[in-house]
Amino acid sequence: MTIRRRIAAAAAMLALLLPVPLTAAATASAAPAAATGTRVNPAELPAPTGRFAVGQEDLHLTDRSRTDPWAHTGPRELMVTLRYPAQRGTGRAPAPYMSTEEARLVLADKKLDQVIDPAVFAATRAHARVGARPVQGRYPLIVLSPGFTVSRATLTSLAEDLASRGYVVAAVDHAYESAATAFPGGRILTCLACGPADAPGGHEAVLGVRAQDVSFLLDRLTGRHPAWRHAGLIDAGRIAMGGHSMGGAAALPAMAADPRIRAGADMDGGLPGPYPAAGIGGRPFLLFGAAASAPGGHSNGDWSKTWPHLDGWKRWITVDGTDHFAATDFPAIRDQLGLPHPEAPLPGSRALELTRTYVGAFFDQHLKGRPGPVLDGPRADTPEVRFHTP
């Protein structure tokens, strides 16, 4: 499947998942209520489950050693949201989910800007507090990369939960690969990569750029002169990467290029196969996907071509009743606002609970040395979860 077809499929699916304003008696045709001024309460993401409160800061990074591959001018830039274990009761009110202008452009990209109030979507409530005082310690670092054309904000629930469990989490937006990313000074970059990514080799080109982005990010977070004021919280010997869709697929080339990344998790991202031919040095890798990601059924490319080349600890896990966006915030937002998805009947809160449970257990096992029994095989208390060994 080409990048363009994947984007179209993702857009169609996102149209079902985003929080269309609905009243108790509303139907899909009632969305203009947002345009006529009907009050709609923003959704609230599930609270983190760990023992720590969560702090949050944004970081703007510029890699002057690279010309941006999509703009063909200027240095490569990244926007990063860092979340970390924080002291309760400190910091300011939770940060906005995204700016209203970012929300407007995202919705316009999905042709939903006339039926969804961007201010309502942008006001989705999260839990991390801006500028909260960190709980001093040394924590593993997890880099999270979002799907193609969507924002790092889509992984907020997972990022907050991991931080509450004792991780520093860096969610990164890759410039010009999202429908909208806000940068300092009021700049908003749109998706210049969407055209080139659909050319032959485009998928691989995007993955290669993201791998370079992640190595640069690690340099700036763990090097001799770190860019983040709380970089001392990071244990540079315990680093992993995960992501959704294109961001999950990027974990493999990032690991192949950078030995600092000790473990990787791909949440429903299509992999170019067979890759990597030389393996990843015995490092652990998790394939965690929607129901269609079972062997032979992955809409973005069959994981079975890559499976033999994963030469360390590995699991291939899918969740029944879910779709491509199950690991993101969208299903939980959708359900709160009464918008069912006929092709993904599992409640969004349950899909997110399972994502947090299994992805969190994977990182706990391979970065903290805590065995995760949920990763050993099927369980009676998670009947939706299936393990595959092709």
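Rounded, prolate or oblate: which one fits the stretch 3-387, using the alpha carbon gyration tensor with axes a ≥ b ≥ c (rounded when a/c is under 1.5, else prolate when a/b beats b/c, else oblate)?
rounded
Using unit Cβ charges (K, R positive; D, E negative) and no other charged atoms, how large, in debye to the nearest 20, is the dipole of the stretch 48-124 about its Cα centre?
Its charge dipole is roughly 360 debye.
How large is the charge dipole for the stretch 3-387, taken about the Cα centre, if only the Cβ atoms of Lys, Arg (+1) and Asp, Glu (-1) carry charge, to the nearest 20 debye?
1000 debye
Tally the DSSP beta bridges in the chain and give the antiparallel ones as a percent, rounded to 5.
45 percent
Among rounded, prolate and oblate, which fits the stretch 39-116 when a ≥ b ≥ c are the square roots of the eigenvalues of its C-alpha gyration tensor, a/c under 1.5 means rounded, and a/b larger than b/c means prolate?
oblate
Please give the length that would be gained between E343 and A277 if that part of the chain were fully extended, namely 0.36 nm times their separation in residues minus their C-alpha to C-alpha distance (nm, one decimal).
Here the segment from E343 to A277 would lengthen by 20.3 nm.
Order these by the 10 Å Cβ neighbour count, fewest first: R238, R133.
Listing R238, R133 from fewest to most nearby Cβ atoms yields R133, R238.
Tell me, what HN-Hα J-couplings in whole Hz come from the Karplus equation 6.51 cos²θ - 1.76 cosθ + 1.60 at θ = phi - 60° for each residue of the stretch 155-163, using x for Gly and Pro?
Couplings: 9, 4, 4, 5, 4, 4, 5, 4, 4 Hz.
Using Cα-only point scatterers and the Debye equation, what is log10 of I(q)/I(0) for the stretch 140-263 at each q in 0.11, 0.13, 0.18, 0.22 Å⁻¹, rounded to two decimals?
Per q value, in the given order, log10 I(q)/I(0) is -0.37, -0.51, -0.98, -1.36.
Could I have the simple spin-label model distance between D113 and A292, label points 7 Å from Cα toward Cβ, reported in nm to one decimal?
If labels sit at D113 and A292, their model points lie 2.7 nm apart.
So for D63, D323, D161, fewest C-beta neighbours within 10 Å to most, what's the order?
D63, D323, D161
Listing V130, V168 from the residue with the fewest other Cβ atoms within 10 Å to the one with the most, what is the order?
V130, V168
Below 12 Å, Cα to Cα, which aspartates and glutamates can K368 reach? Residues fewer than 8 away in the same chain don't count.
D235
Every number in this text was worked out from the coordinates using simple rules, so none of it is lab data. Predicted, not measured: the structure shown is a model, and the values here were computed from it. Note that each Cβ is placed from the backbone with ideal geometry, even for glycine, and that neighbours are counted across all protein chains shown.
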